[in-house]
1. What's the total number of residues in the stretch 1-19 that are hydrophobic (A, V, I, L, M, F, W, C) and surrounded by fewer than 14 Cβ atoms within 10 Å (Cβ to Cβ)?
2. Might you let me know whether the stretch 8-26 holds any residue that is assigned to a loop (DSSP other than H, G, I, E, B) and of a type in the set (D, E, K, R)?
3. Could you check the stretch 48-65 and list, in sequence order, the residues that are out of contact with any Leu (no Cβ under 7 Å at 6 or more places or on another chain) and either under 14 Å from residue 13 (Cβ atoms) or touching a residue at least 40 places away in the same chain (Cβ under 8 Å) (or both)?
4. Taking only the stretch 36-58 into account, find how many residues are of a type in the set (A, V, I, L, M, F, W, C), surrounded by 10 or more Cβ atoms within 10 Å (Cβ to Cβ) and more than 11 Å from the chain's Cα centre (by Cα).
5. Tell me which residues, restricted to the stretch 1-38, are aliphatic (A, V, I, L, M) and at pLDDT 90 or above.
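The values are calculated or read from the model by the stated rules, or taken from the named source; none is laboratory data. Everything quoted here is computed from the prediction, not taken from an experiment. FYI the Cβ positions are ideal-geometry reconstructions off the backbone, even for glycines, and counts take in every protein chain you see.
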Amino acid sequence: PTPLPTGAAGWLDTFAEPMLPAMSSAERTAVLAEAAATAETLLPHENGQTIADYVRLRFVAVYGG
């Protein structure tokens, strides 16, 4: 579990930007606001903080060809 001190909106601001390059600023703002609101209702909360339950994968790929 990862506490999100800035809530789902802050987390999305950090990670979602590269996935929305074709949207206008207004569209991006609306999509992120709706996604954050939905996430806040679905994610668990602990001590007043939103908790993200995800796994970060780190790996190195090696081409053997």
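1. So the count comes out to 2.
2. No, the stretch 8-26 contains no residue that is assigned to a loop (DSSP other than H, G, I, E, B) and of a type in the set (D, E, K, R).
3. 53, 54 - these are the residues of the stretch 48-65 that are out of contact with any Leu (no Cβ under 7 Å at 6 or more places or on another chain) and either under 14 Å from residue 13 (Cβ atoms) or touching a residue at least 40 places away in the same chain (Cβ under 8 Å) (or both).
4. Here the count works out to 3.
5. If the condition is that a residue be aliphatic (A, V, I, L, M) and at pLDDT 90 or above, then 4, 8, 9, 12, 26, 30, 31, 32, 33, 35, 36, 37 are the ones that fit.
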